[in-house]
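S.K.: The structure follows.
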Amino acid sequence: MSDFAVTIDGEFLDSNFFDDDSWNDFKKNYEIGKIKMLCCDANAIPKTSMRFTRFFAHQNGECATAPETVWHKTAKKFIINQLSKKGITAVEEKIGPDWIADIYFESDDKKYAIEIQRSPQTLQTYLERQEKYNNSGVEAIWLLKHPRYKTVTKAIYHYILKNDYNNKFPSGGIMPSIKSLPVFYIDEVDFRIKGVGKFDHSVPNFISALVENKMIFDRWWKLTDTGEVNNLTNYAPI
Ligand SMILES: [Zn+2]
């Protein structure tokens, strides 16, 4: 079962974006074979659990796809779909001079690579790969599985402690985040993009902020002005 599915026309479906009425309508009117699971392309059936949770199930029982692959495919499709909603065409497995990007796209004369990283690699490797992207004029963003993220933030912590503080623990503490490596994780359950400093944004907001140059490094990575944090700015006094 999954929160997500895709139509044969390539439209991404997120069961969380429905309400009870629209979900019931959808369940009555969809056609079997026209909605597919992201993990394995099997026919998807929209269902409601006994606890009223909306989800997509495989038409024929369980899925044989490994959870890591499901995470990778879902994250990738979620992001590519969001880019296409903004009129941006993403290329999968784009080959550069010394890199292959999971997702590559261009927007406003800027080049971006998004790496959906599920296998472990050392901080040194992240930084080397990042440099290769930089040398090609590509801004690379890393979206990791949570266990990978935990490991790399620990390494970043020690990297900062060594390079900035000569291994003497600073009284103000350390935020394990560096400007040379924009790295986050994609939550396996809600597929929100999270990181240090309570970074927690939906894929749509993350992608919008990225292409609108609203992702900044100020001691750690953050999005500015997404409307997600503070709705009071939308309040117009009468
Ligand atoms: Zn499947």
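Derivation of every value follows stated rules applied to the coordinates shown; laboratory data play no part. Given the structure is predicted, the values throughout are model-derived calculations rather than measurements. With ideal geometry, Cβ positions are generated from the backbone for all residues, glycine too; neighbour counts draw on all protein chains shown.
S.K.: Report the normalised scattering of the chain as log10 I(q)/I(0) at q = 0.07, 0.11 Å⁻¹, calculated by the Debye formula with identical scatterers on the alpha carbons.
M.R.: Log10 I(q)/I(0), no solvent term: -0.28, -0.66.
S.K.: Report, in degrees rounded to the nearest 10, the 0 to 90 angle that the Cα long axis of helix 67-85 makes with the longest principal axis of the chain.
M.R.: 90 degrees
S.K.: Can you compute the FRET efficiency between ASN29 and GLU62 using 1/(1 + (r/R0)^6), with r the Cβ-Cβ distance and R0 = 22 Å? Round to the nearest 0.05.
M.R.: 0.25
S.K.: Do you know the relative contact order of the chain, to the nearest whole percent, from alpha carbon pairs under 8 angstrom that are 6+ apart?
M.R.: Taking the mean separation of contacting Cα pairs over the length of the chain, I get 11 percent.
S.K.: While we're on this one: Kirkwood hydrodynamic radius of segment 4-65 from all distinct Cα pairs, in Å?
M.R.: 11.8 Å is the Kirkwood radius here.
S.K.: Find how much the distance from ASN16 to GLU92 grows on full extension, using 0.36 nm per residue of separation minus their present alpha carbon separation; answer in nm with one decimal.
M.R.: Contour length minus Cα-Cα distance gives 24.8 nm.
S.K.: OK, next. For the chain, find the longest principal axis of its Cα atoms and tell me its angle to the long axis of helix 146-165, 0 to 90°, nearest 10.
M.R.: 20 degrees
S.K.: Please list, in order, the residues from segment 69-86 whose amide nitrogen is less than 17 Å from a point placed 7 Å along the Cα→Cβ vector of LYS132.
M.R.: Those under the cut-off are none; the list is empty.
S.K.: Turning to a different aspect of this structure: Summing Lys, Arg as +1 and Asp, Glu as -1, what charge do residues with Cβ under 9 Å from the Cβ of THR7 carry, THR7 excluded?
M.R.: Net local charge, THR7 excluded: 0.
S.K.: How high is the relative contact order of segment 4-65? Use alpha-carbon pairs under 8 Å, at least six apart in sequence, and give a whole percent.
M.R.: Once divided by the residue count of segment 4-65, the mean separation gives 30 percent.
S.K.: Counting only DSSP beta bridges with both residues in the chain, what percent are antiparallel, rounded to the nearest 5?
M.R.: 75 percent
S.K.: Let me ask something else. On a 0 to 90 degree scale, rounded to 10, what angle separates helix 123-135 from the longest Cα axis of the chain?
M.R.: Once rounded, the angle reads 90 degrees.
S.K.: Select from MET37, PHE52, PHE4 the residue farthest towards the positive end of the dipole of segment 4-65; place +1 on Cβ of Lys and Arg, -1 on Cβ of Asp and Glu, and compute about the Cα centre.
M.R.: Looking along the dipole axis, the top candidate is PHE52.
S.K.: Then there's this: Do any of LYS110/LYS150; LYS85/LYS110; LYS34/LYS111; LYS47/LYS73; LYS47/LYS150; LYS34/LYS73 go past 24 Å between their Cα atoms, and which?
M.R.: Going by Cα-Cα distance, LYS110/LYS150; LYS34/LYS111; LYS47/LYS150 fall outside the 24 Å limit.
S.K.: Arrange the peptides 212-225, 141-154 so that the one whose residues have, on average, the most other Cβ atoms within 10 Å appears first.
M.R.: 141-154, 212-225
S.K.: PRE reach from MET175 (point 7 Å along Cα→Cβ): which of segment 127-146 fall under 17 Å by backbone N?
M.R.: none
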